[in-house]
Amino acid sequence: MFHLPLRHSRVLAVAIGLVLLSGIVLLSSFSEPSKVEVNADALSMFAPLPDEMASADNPVTDAKVKLGRMLYYDPRLSANQKISCNTCHPLAAYGAEAAPVSSGFKGQKGNRNAPTVYNAAGHFVQFWDGRAPTVEEQAKGPIMNPVEMAMPTNAAAVQVLKSMPDYVVLFEQAFPNEKDPITYNNMALAIGAFERGLVTPARWDKFLKGDQSALSKAEKSGFNTFAAVGCQWCHNGPYVGGGAYQKLGVMKPWPNQKDTGRYQVTKDEVDMMVFKVPSLRNIQKTGPYFHDGSVATLNEAVRDMGAHQRGVELTPAQVKSIETWLNALTGPIPTGYIQPPELPKSTPQTPAPAGK
């Protein structure tokens, strides 16, 4: 075996060490920075999701939630007995259909995209135009809407519920101090109580509570990009939106002007093309996007918001960065809480379906 003299061996070892060290330095120069500092001013505009979306006007009880879960899944609250709340807001699919608009009674199409019900009970108003103040009031709308569930009157819905002894017992348990607990209003209160438990905390919430490891460096950088563009001025708070109205097309008119938004409710010119700011919670799972469902991908939605709301043409790198952070807003579906229940059985007194 060939051996170098000891002095030469030491020289060779030093040389090899220098080569390896220079390689490490070279590689490290192309790696990500060891730490990303998140924009503290922008971060102060956010808060974690609450443990529950409580209401002083509708205290949540186990009995209400049990009843509300059944009512949410029961298609007999529709005229043809085929459509339930879950039809247009499927809880196993993040509470939103993968369609621009939903199909209702006799296949009629709605005129707005059905937003997710997850975390919605915490929003300051309901519907795109804010015409309902709470999820309890929102629950009353689709059942009577001729395009959606198409029940002719609220009395017709109550008649369906009173025809089933199991529902009679469940309403008595949920509203024990009422002489006649099966009312249209109590139906809505029960559905609302159930929806107040549809909370999806995500890694973003862990980060807000102090766990710096909950987000990757790329996600932290994505939040900084989001803040640098100014998106947080509308999308903030615990729901990353859902807390204000905003004109769609502040800097550049929205191409579809047929739906004038809140103006249809108030008839005030200042509300022309004004809509509730949607929550960005679970946004990667709830496309297509916007009130008209006109944008299929989140990538395009981010670019459109940059152009129409901020007057900025975002680069592909900026869009990807923001999308990366938005991924941290996706929380797990509470599969146990949304498990479809066994519904009360119909009786000979239960009205027959109308239409097809």
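Restricting attention to the range 177-215, the residues that are free of Cβ contacts under 8 Å to residues at least 24 places away in the same chain and not in a helix (DSSP H, G or I) total 7. Among what's in the range 97-120 and is outside any loop (DSSP other than H, G, I, E, B) and free of Cβ contacts under 8 Å to residues at least 40 places away in the same chain, pick the residue that is farthest from the chain's Cα centre (by Cα). Step by step, filter the range 97-120, then rank; the result is Gly107.
Screening Thr116 on (1) β-branched (Val, Ile, Thr); (2) closer than 25 Å to Ala354 by Cα; (3) in contact with a Phe, Trp or Tyr (Cβ under 9 Å, 6 or more places away or on another chain) shows it passes everything except condition (2). Residues in the range 214-244 that are surrounded by fewer than 17 Cβ atoms within 10 Å (Cβ to Cβ) and aromatic (Phe, Trp, Tyr): Trp233 only.
I'm checking my understanding of the structure. Among residues of the range 164-203 that are within 30 Å of Pro348 (Cβ to Cβ) and charged (D, E, K, R), which one is surrounded by the most Cβ atoms within 10 Å (Cβ to Cβ)? So the residue we want is Glu172. Filtered by the rule that a residue be basic (Lys, Arg) and either more than 27 Å from Val135 (Cα to Cα) or in contact with a Cys (Cβ under 9 Å, 6 or more places away or on another chain) (or both), the range 242-269 gives a lone residue, Lys252. Output the residues belonging to the range 128-166 that are out of contact with any strand residue (DSSP E or B) (no Cβ under 6 Å at 6 or more places or on another chain) and at positive phi. Scanning the range 128-166 gives a single hit, Ala150. Would you check if there is a residue in the range 311-318 being touching a residue at least 40 places away in the same chain (Cβ under 8 Å), among the small types (Gly, Ala, Ser), surrounded by 15 or more Cβ atoms within 10 Å (Cβ to Cβ) and in the same structural domain as Lys247 (by TED's automatic domain parsing)? For the range 311-318, residues touching a residue at least 40 places away in the same chain (Cβ under 8 Å), among the small types (Gly, Ala, Ser), surrounded by 15 or more Cβ atoms within 10 Å (Cβ to Cβ) and in the same structural domain as Lys247 (by TED's automatic domain parsing): absent.
Any residue at all in the range 327-349 that's touching a Gly at 6+ places or on another chain (Cβ under 8 Å), over 24 Å from Thr200 (Cα atoms) and of a type in the set (Val, Ile, Thr)? No, every residue in the range 327-349 fails to be touching a Gly at 6+ places or on another chain (Cβ under 8 Å), over 24 Å from Thr200 (Cα atoms) and of a type in the set (Val, Ile, Thr). Here the condition is being in a helix (DSSP H, G or I) and either acidic (Asp, Glu) or within 16 Å of the chain's Cα centre (by Cα) (or both); of Ala317, Ala301, it holds for Ala301 alone. Answer with yes or no whether Val302 is under 21 Å from Gly110 (Cα atoms), outside the structural domain of Arg112 (by TED's automatic domain parsing) and not polar (S, T, N, Q). Spelling it out, it is not the case that Val302 is under 21 Å from Gly110 (Cα atoms), outside the structural domain of Arg112 (by TED's automatic domain parsing) and not polar (S, T, N, Q).
Is it the case that some residue within the range 213-224 is basic (Lys, Arg) and more than 22 Å from Met305 (Cβ to Cβ)? Yes, because at least one residue in the range 213-224 is basic (Lys, Arg) and more than 22 Å from Met305 (Cβ to Cβ). Among the residues of the range 325-332, is there at least one that is in contact with a Phe, Trp or Tyr (Cβ under 9 Å, 6 or more places away or on another chain) and either among the charged types (D, E, K, R) or assigned to a loop (DSSP other than H, G, I, E, B) (or both)? Yes, because at least one residue in the range 325-332 is in contact with a Phe, Trp or Tyr (Cβ under 9 Å, 6 or more places away or on another chain) and either among the charged types (D, E, K, R) or assigned to a loop (DSSP other than H, G, I, E, B) (or both). Filtering the range 271-286 to residues that are under 12 Å from the mean Cα position of the chain (by Cα), on the phi < 0 side of the Ramachandran plot and buried (at least 19 other Cβ atoms within 10 Å of the Cβ) leaves Val277, Pro278, Ser279, Leu280, Arg281, Ile283, Lys285, Thr286. Each residue in the range 77-92 was checked for being part of a helix (DSSP H, G or I) and within 18 Å of Leu189 (Cα to Cα), and 3 pass. In the range 28-49, is there at least one residue being basic (Lys, Arg) and either at pLDDT 50 or above or touching a Lys or Arg at 6+ places or on another chain (Cβ under 7 Å) (or both)? Yes; the residues of the range 28-49 include at least one that is basic (Lys, Arg) and either at pLDDT 50 or above or touching a Lys or Arg at 6+ places or on another chain (Cβ under 7 Å) (or both). Residue count for the range 151-170, restricted to those that are touching a Lys or Arg at 6+ places or on another chain (Cβ under 8 Å) and either among the aliphatic types (A, V, I, L, M) or over 28 Å from Thr61 (Cα atoms) (or both): 4. Of the residues making up the range 216-258, those that are of a type in the set (Lys, Arg) and in a helix (DSSP H, G or I) number 2. Apart from one condition, Asp129 fits all of (1) buried (at least 16 other Cβ atoms within 10 Å of the Cβ); (2) farther than 23 Å from Phe290 by Cβ; (3) not hydrophobic (A, V, I, L, M, F, W, C); the exception is (2).
The values are calculated or read from the model by the stated rules, or taken from the named source; none is laboratory data. The shown structure was predicted, so the numbers you read here are calculated from the model rather than taken from an experiment. Every residue, glycine as well, gets a Cβ built from its backbone with ideal geometry; the counts of neighbours run over all protein chains shown.
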